[in-house]
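Bear in mind these aren't lab numbers, they're just calculated from the coordinates by the rules spelled out. Everything quoted here is computed from the prediction, not taken from an experiment. As a convention, Cβ positions derive from the backbone with ideal geometry for all residues, glycine included, and neighbour counts pool all protein chains shown.
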Amino acid sequence: MGDGEKARLVAWGREMRAVHDRLRGALRLSQEAVVAGRELPDPGRELLLFCHGFCSALDGHHRGEDALLFPAIEATHADLSVQLRKLEQDHAMIGTLLAGLQSAVSRTASPEVLGQHLDGLAAIMESHFGFEERTLVAILDRLELDATVADVLGPL
């Protein structure tokens, strides 16, 4: 195996961390838009753009993991089945929280209510990302998966 091939194998762990960091940044932008919206006469449009982008990115990230990444990991690490099911359950819970946020944005909820939605998402997202990184990064560093980063980890 050449250096380029090894670099590609190791990149999956780095790519996951990089995507998580970009999602954290998108969440921060959404939270900042809520705070700024408290002083704006019509914060809805800007907040809608931030939240829509964040929600789409996070949902795409989880769909890619569920469809491609987790099955590839489980094929070579059956001992991680329990942890992978927990991560999939987290994805479903985060999906429900995202739907609640999108609904709140659509009905032009108050900045306080939107902030509560984002704070709840931030808490579960950080817990989920931390568990995922502790559980999977070492395996990802050795994973052979013939797919694009966007397909596996989302369109970020």
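If you check Ala72, Ala92, which single one turns out to be farther than 23 Å from Ala18 by Cβ and part of a helix (DSSP H, G or I)? Explain how you work it out, then say what you get.
Working: Ala72 fails: farther than 23 Å from Ala18 by Cβ.
Selected residue: Ala92, the only one of Ala72, Ala92 that is farther than 23 Å from Ala18 by Cβ and part of a helix (DSSP H, G or I).
Name the residue, out of Ala109, Ala147, Ala122, Ala92, that is farther than 13 Å from Leu27 by Cα, in contact (Cβ under 8 Å) with a residue 12 or more places away in the chain and of a type in the set (Gly, Ala, Ser). Working first, answer last.
Numbers: Ala109 fails: in contact (Cβ under 8 Å) with a residue 12 or more places away in the chain; Ala122 fails: farther than 13 Å from Leu27 by Cα; Ala92 fails: in contact (Cβ under 8 Å) with a residue 12 or more places away in the chain.
Every option except Ala147 fails the conditions.
Residues Ala147, Ala138, Ala109, Ala92: which one is under 26 Å from Ala33 (Cα atoms), more than 14 Å from the chain's Cα centre (by Cα) and among the hydrophobic types (A, V, I, L, M, F, W, C)? Break it down stepwise before answering.
On the way: Ala147 fails: under 26 Å from Ala33 (Cα atoms); Ala138 fails: under 26 Å from Ala33 (Cα atoms); Ala92 fails: more than 14 Å from the chain's Cα centre (by Cα).
It is Ala109.
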